[in-house]
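Okay, so here's the structure we're looking at.
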Amino acid sequence: MPLEREQRDIDTNELFRRARNGDSSAEAALFEKLSVRFRYFARHRIGDVEDAKEVAQEALLAVSRDYGSLSLSSNFVAWANQVIKVRILGFYRRDGIRKEKLEQLRRRSQDYGSRPQPDPALIDSLRKCLAEIFRRHDRYARILNLHYQGYAVDEICGRLKISRDNFYVILHRARVLLEACLERRDTLR
């Protein structure tokens, strides 16, 4: 059990290095982490659970096939993230699936009523507020960015060397700043 806890706390890049050196428990932990991340990321981008699982599985197969022969001088996680992104793009480029998905989305919007389009002024305000927060609070920007990319809370905390409680406090503060900025911009119109 202590070995499992240790493996969860290890950085993904370190797991990659250990797995390439023949550590089978590190390899299992590496692919477990990647599996969770890929499924979350694919679900977030695709929407359908079953399709997301399929795309995540394809990406895991590609990583398992190629990771042993990689000669990375940089970051394994960045390479793995690129693999899942390419698989997601491939999913949408397949003509039959994309047409079917578009048809499903069209039917859903008819079934549940059409969704209103976002206000362009709101989108512009949101971008400006996020840019303002990112300029003033580097840590908030890193946490929001990593969270949006699909990293798990524990992994973000490990990367930034903060506690889970601190992570949630920073995330809350970033949201409060964003809300206040949006309210200020709304009153300016």
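The values are calculated or read from the model by the stated rules, or taken from the named source; none is laboratory data. Just so it is clear, the structure is predicted and the values come from calculations on it, not from any experiment. Cβ: placed from backbone, ideal geometry, glycine included. Neighbour counts: every protein chain shown.
Counted as qualifying within the stretch 82-189 are the helices (runs of 4 or more DSSP H) with 1 or more residues that are over 27 Å from residue 35 (Cβ atoms) and at pLDDT 80 or above, namely 120-136, 138-149, 164-188. Within the stretch 40-52, residues that are outside any helix (DSSP H, G or I) have Cβ atoms under 8 Å from residues that are buried (at least 16 other Cβ atoms within 10 Å of the Cβ) in these pairs: 48/101, counting only partners at least 6 apart in sequence or on another chain. Hey, can you tell me all the residues within the stretch 133-159 that are surrounded by 15 or more Cβ atoms within 10 Å (Cβ to Cβ) and out of contact with any helix residue (DSSP H, G or I) (no Cβ under 6 Å at 6 or more places or on another chain)? Scanning the stretch 133-159 gives 137, 142, 147, 151, 152, 155, 158, 159.
Counting only residues that are more than 14 Å from the chain's Cα centre (by Cα), aliphatic (A, V, I, L, M) and surrounded by fewer than 17 Cβ atoms within 10 Å (Cβ to Cβ), the stretch 17-56 holds 2 of them.
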